[in-house]
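K.L.:
Handing you a structure now.
Here, each number is a calculation from the coordinates, and none is a lab measurement. A quick note: this is a predicted structure, and the numbers were derived from the prediction, not measured. We place every Cβ from the backbone using ideal geometry, glycine too, and count neighbours over all the protein chains shown.
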Amino acid sequence: MTAPSLKQRQFQEREGAIICAALKLFDQDQWQQVTVADIASEAQIAKGTVYKHFASKEELCGRIMLDFHQGLLETFEQALPNANTLSLIRDMIRRAFDHYLAHPAAARVSYACRCNSFIQRLPDPLRVRGEELDSAFFGFFADVLLQGMRSGQIPQRPVEQLILPIHAIFDGAMGKIWRNEYQEIPDSDVSLEQFLDIITNFVIASIVAPIADDDLPGTTGHKDITQCEKSRLVSATH
């Protein structure tokens, strides 16, 4: 592989400085009011230089979001490789919380910009990267959940019926943390660590809870497992 030229290294370093400046300014409740001019000033470069790297603030936010999600996927891939499924899921949930709490500015940008309509407006390279990350996340979670179904730790059901509520619970928990509302129960003195344990335990309990065939409208329990999932379950047994 050819080493990058001095000009290429300088370009990459300047792009990194722009992202760092943006993240510093985005680490506040009113981050959406930050302008490209503000970012250029923080990075000590001309406003026009920012546009040599990012066509708009939206594109810069898209890059921050995708880098954040890439880091989250990488930390998932490092989760307890030999653990049983429920221990692995517990580890992944805590890793997700840790990742969000360790990168608050990037997490806020990601939370605000991750909708499909935003991703579709991004330049093709970023849009494709976003779609690939979405597919990778779903595939990773689906594999873990199907492993749990094969081992009997998780009742069989379509993986979408597990991934969607897990995502919703996590989002709600992060919202309470950002708004500092996780201690809102009267006469309670719940620490952040205790709150994370409560949420993690609730997610695990919801995953292993049996669901009757008629519990969800339009579903028929085991029969709703998609053909793709059936194929993966069958192939995994051979």
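K.L.:
If you wrap a convex hull around the Cα atoms of the range 1-80, how much volume per residue is inside, in Å³? Could the numbers behind the result be given before it?
P.N.:
Numbers: hull volume 9.6 nm³, N = 80.
Enclosed volume per residue, from the Cα hull, is 120 Å³.
K.L.:
HN-Hα J couplings of the range 43-60 from phi, Karplus 6.51/-1.76/1.60, θ = phi - 60°, integer Hz, Gly and Pro as x?
P.N.:
Result, ordered by residue: 7, 6, 9, 6, 4, x, 5, 4, 6, 6, 9, 9, 5, 7, 4, 4, 5, 4 Hz.
K.L.:
Treating each Cα of the chain as an identical point scatterer and ignoring solvent, apply the Debye formula and state log10 I(q)/I(0) at q = 0.13 Å⁻¹.
P.N.:
Evaluating at q = 0.13 Å⁻¹ gives log10 I(q)/I(0) of -0.93.
K.L.:
Find the relative contact order for the chain and round it to a whole percent, using C-alpha pairs within less than 8 Å whose residues are 6+ positions apart. Walk me through the numbers on the way to the answer.
P.N.:
Values: 169 pairs, mean separation 40.3, N = 238.
Contact order relative to length: 17 percent.
K.L.:
Do the sum for the chain: with -39,500 (n - 2.57) for every DSSP H run of n ≥ 4, divided by all residues, what is the mean residue ellipticity at 222 nm, to the nearest 500 deg cm²/dmol?
P.N.:
Value at 222 nm, helices only: -22500 deg cm²/dmol.
K.L.:
Please report the net charge: other residues with Cβ closer than 15 Å to the Cβ of residue 11, K and R +1, D and E -1. Before the final figure, lay out the partial values.
P.N.:
Working: positive: 7, 9, 14, 52, 63; negative: 13, 15.
So the surrounding residues net to +3.
K.L.:
Scan the range 1-93 for chymotrypsin sites (Phe, Trp or Tyr not before Pro) in coil per DSSP, keeping those whose Cβ has at most 15 other Cβ atoms within 10 Å, and list them by number. It would help to have the intermediate numbers written out before the result.
P.N.:
On the way: sites: 11, 26, 31, 51, 54, 68, 76; in loops: 54.
Of the chymotrypsin sites (Phe, Trp or Tyr not before Pro), not one in the loops of the range 1-93 has a Cβ with at most 15 other Cβ atoms within 10 Å.
K.L.:
In a shell of Cβ-Cβ distance under 11 Å around residue 34, excluding residue 34 itself, what net charge do Lys and Arg (+1) and Asp and Glu (-1) give? Spell out each step's value before the answer.
P.N.:
Values: positive: 24, 57; negative: 27, 38, 42.
It works out to a net charge of -1.
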